[in-house]
């Protein structure tokens with residue numbers, strides 16, 4: 001399966017408010033970003049941000065260096081249109097997070113809500129973790145949210161891997177110090193409840209590549 005084509009089809013056939021992960025505001029994510037980013041000059045990257053409304057809120061509270069990465073150009077264009085003139089304040093990147101080239105030791109905060117759980121292949125998960133270690137500054141912070149143990153087993157027609165806090169943190173290893181974990185019960189636009197697991201970590205200076 002061509003994963004890029006899959007996601008382009010999803011975003012071309014569903015409105016932003018129709019995808020299961022939609023929320024008007026990602027309060028938990030924003031709170032963790034504000035906890036991790038000590039100044040509004042911090043470099044923040046949102047992985048799989050696409051159409052997500054997350055980018056709106058950091059801009060609204062004054063963050064000046066926000067990057068959004070998504071595999072779907074269609075999703076990025078939707079977000080740009082929603083933001084209007086504000087889109088010029090964001091760095092937009094299109095690519096597969098496991099393969100694309102990211103600047104080394106550039107980001108203070110790495111945020112991902114609902115990308116990592118789509119990586120069902122251990123090789124892809126290892127590539128993802130290497131990207132984090134490469135792109136995040138020593139001492140930087142990593143926020144990753146996936147479906148929890150009671151979450152769905154599939155999403156948008158794709159299999160997912162569900163995690164509790166320990167199993168999610170184990171994917172990243174001891175170089176990522178777990179500072180906090182949270183559980184979210186997310187209500188989808190269709191009214192069902194999805195369990196999410198959040199892990200908030202600090203990356204050690206020896207882990208960064």
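The values are calculated or read from the model by the stated rules, or taken from the named source; none is laboratory data. In this text, all values refer to a predicted model and were calculated from it rather than measured experimentally. All Cβ positions, glycine included, derive from the backbone under ideal geometry; neighbour counts span all protein chains shown.
Going by the structure shown, is residue 96 in contact (Cβ under 8 Å) with a residue 40 or more places away in the chain and part of a strand (DSSP E or B)?
Working: in contact (Cβ under 8 Å) with a residue 40 or more places away in the chain: yes; part of a strand (DSSP E or B): no.
Taking the combined requirement at face value, the residue does not satisfy it.
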- Item | Among (1) within 23 Å of residue 96 (Cα to Cα); (2) under 15 Å from the mean Cα position of the chain (by Cα), the one test that residue 14 misses | (2)
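Right, residue 40: assigned to a loop (DSSP other than H, G, I, E, B), more than 30 Å from residue 191 (Cα to Cα) and out of contact with any strand residue (DSSP E or B) (no Cβ under 6 Å at 6 or more places or on another chain) or not?
Numbers: assigned to a loop (DSSP other than H, G, I, E, B): yes; more than 30 Å from residue 191 (Cα to Cα): yes; out of contact with any strand residue (DSSP E or B) (no Cβ under 6 Å at 6 or more places or on another chain): yes.
So residue 40 passes the test.
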- Message: I need the full set of residues from the range 188-202 which are at pLDDT 95 or above and under 19 Å from the mean Cα position of the chain (by Cα), in order please.
- Response: 194, 195, 196, 197, 198, 199, 200, 201, 202
- Item | Positions within the range 3-30 being closer than 29 Å to residue 180 by Cβ and loosely packed, with under 15 Cβ neighbours inside 10 Å, in sequence order | 24, 25, 27
- Message: Taking the criterion of being farther than 17 Å from residue 50 by Cβ and surrounded by fewer than 16 Cβ atoms within 10 Å (Cβ to Cβ), would at least one residue in the range 106-118 satisfy it?
- Response: yes
- Query: Does residue 68 meet the test of being within 17 Å of the chain's Cα centre (by Cα), closer than 15 Å to residue 132 by Cα and buried (at least 23 other Cβ atoms within 10 Å of the Cβ)?
  - Reply: yes
- Query: Within the range 159-168, can you find the residues that are in contact with a helix residue (DSSP H, G or I) (Cβ under 7 Å, 6 or more places away or on another chain) and assigned to a strand (DSSP E or B)?
  - Reply: none
- Residues in the range 99-158 that are within 16 Å of the chain's Cα centre (by Cα), within 21 Å of residue 196 (Cα to Cα), in a strand (DSSP E or B) and in contact (Cβ under 8 Å) with a residue 60 or more places away in the chain total 10
- Restrict the check to the range 141-148 and report whether at least one residue is over 23 Å from residue 33 (Cα atoms) and out of contact with any helix residue (DSSP H, G or I) (no Cβ under 6 Å at 6 or more places or on another chain). no
- Note on the structure: Here the residues within the range 26-37 that are within 14 Å of the chain's Cα centre (by Cα) and assigned to a loop (DSSP other than H, G, I, E, B) are 26
- Note on the structure: Counting only residues that are within 13 Å of residue 120 (Cβ to Cβ), at pLDDT 95 or above and surrounded by 15 or more Cβ atoms within 10 Å (Cβ to Cβ), the range 148-187 contains a total of 5
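Would you tally the residues in the range 31-52 being surrounded by 19 or more Cβ atoms within 10 Å (Cβ to Cβ) and modelled with pLDDT of 90 or more?
Within the range 31-52, the subset surrounded by 19 or more Cβ atoms within 10 Å (Cβ to Cβ) is 32-33, 36-37, 42-52.
If we keep only those that are modelled with pLDDT of 90 or more too, we end up with 32-33, 36-37, 42-49, 52.
Summing the residues that are surrounded by 19 or more Cβ atoms within 10 Å (Cβ to Cβ) and modelled with pLDDT of 90 or more in the range 31-52 gives 13.
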